[in-house]
Amino acid sequence: MRLKYLPLDSRLYRYLCQQRTGARDPVLQALQRETAALGRQVSKMQISPDQGSLLTLLVAALEVRAALEVGTFTGYSSICIARGLRPGGRLLCLDQSPEWTQVARQYWARAGVANRIELRLGPAIPALQKLGRGARFDFAFIDAQKTEYDTYYELVLPHVRRNGVMVFDNMLWGGRLGRGPLRDPAGRAIDRLNRKLSRDPRVQSVLVSVADGLQVCRKK
Ligand SMILES: C[S@@+](CC[C@H](N)C(=O)[O-])C[C@H]1O[C@@H](n2cnc3c(N)ncnc32)[C@H](O)[C@@H]1O
């Protein structure tokens, strides 16, 4: 296999983050600062700005009316998704943390997207099991408990329309994949799901190296 990739360093990463639409968005920048104040261990859960821009672009390009997010935290990715929606479009957010999603609610209001978003608080799996048979999504973003990703996938996929897209975050798992067996259950779950998605006849998938890796899957 021909190896063609570009290793990033901080200089190049800063450059690429600056060269995108909305790079200096004041609401998202304020949300980054407020989330950073929660401490490194917590704030590292937030998606990266370039991932956020990619989510907005995908949602807009797919002309999404109905989107789902599993794992909302303080709201960065949900704002990015909500901003890409068609007029009248809706985003359903699932998260079990009242504390972190309270921050998200404040920033939805500041970003002017609160009226497009419904938050359901609680564990994601029962919430997904309760989705009505008729629930249909054009787009889904998965970013909650890593060991549960495959269950989210199986519960969400039947609700995704044909040619709809599911995106999974952290699918490069900090670069620890591809070296042999992993010890941690979350890494093993991510590795298993990457392998499953690449062979799953129900979807077309590609693992994109942006931040900690996004799996982008189109439902056939
Ligand atoms: C990585 S963070 C999401 C980051 C977010 N997408 C962003 O851009 O800021 C993961 C979130 O998933 C939530 N979460 C973790 N396990 C969950 C579960 N089993 N059910 C529902 N939410 C869960 C956590 O409360 C946390 O807010």
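The values are calculated or read from the model by the stated rules, or taken from the named source; none is laboratory data. Because the structure is predicted, anything quoted here is derived from the model rather than measured. In this analysis, Cβ positions are derived from the backbone assuming ideal geometry, glycine residues included, and neighbour counts consider all displayed protein chains. The protein model used for the area step is the full one, side chains on, heavy atoms only, and it has no ligands, DNA or RNA in it. Shrake-Rupley method; radii C 1.70, N 1.55, O 1.52, S 1.80 Å.
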Which one is surrounded by the most Cβ atoms within 10 Å (Cβ to Cβ) among residues in segment 46-71 that are free of Cβ contacts under 8 Å to residues at least 60 places away in the same chain and within 14 Å of the ligand (Cβ to nearest atom)? Gly52
Considering only segment 47-56, I want to know if a residue exists there that is on the phi < 0 side of the Ramachandran plot, touching a Ser or Thr at 6+ places or on another chain (Cβ under 9 Å) and in a loop (DSSP other than H, G, I, E, B). yes
Checklist (1) in contact (Cβ under 8 Å) with a residue 40 or more places away in the chain; (2) in contact with a helix residue (DSSP H, G or I) (Cβ under 8 Å, 6 or more places away or on another chain); (3) open to solvent by 10 Å² or more (accessible area, probe 1.4 Å) applied to Ser77, failing item: (3)
Give segment 108-129 a look and list any residue that's within 13 Å of the ligand (Cβ to nearest atom) and open to solvent by 70 Å² or more (accessible area, probe 1.4 Å), or say none. Arg120, Leu121, Pro123, Gln129
Glu34 being within 16 Å of the ligand (Cβ to nearest atom), of a type in the set (Asp, Glu) and assigned to a helix (DSSP H, G or I): yes
Among the residues of segment 6-24, is there at least one that is open to solvent by 20 Å² or more (accessible area, probe 1.4 Å) and within 14 Å of the ligand (Cβ to nearest atom)? no
Scan of segment 191-210 for residues that are open to solvent by less than 60 Å² (accessible area, probe 1.4 Å) and either touching a Lys or Arg at 6+ places or on another chain (Cβ under 7 Å) or not in a helix (DSSP H, G or I) (or both), ordered by number: Asp200, Val203, Ser205, Val208, Val210
Hey, Gly164 more than 13 Å from the ligand (Cβ to nearest atom) and at pLDDT below 95 or not: no
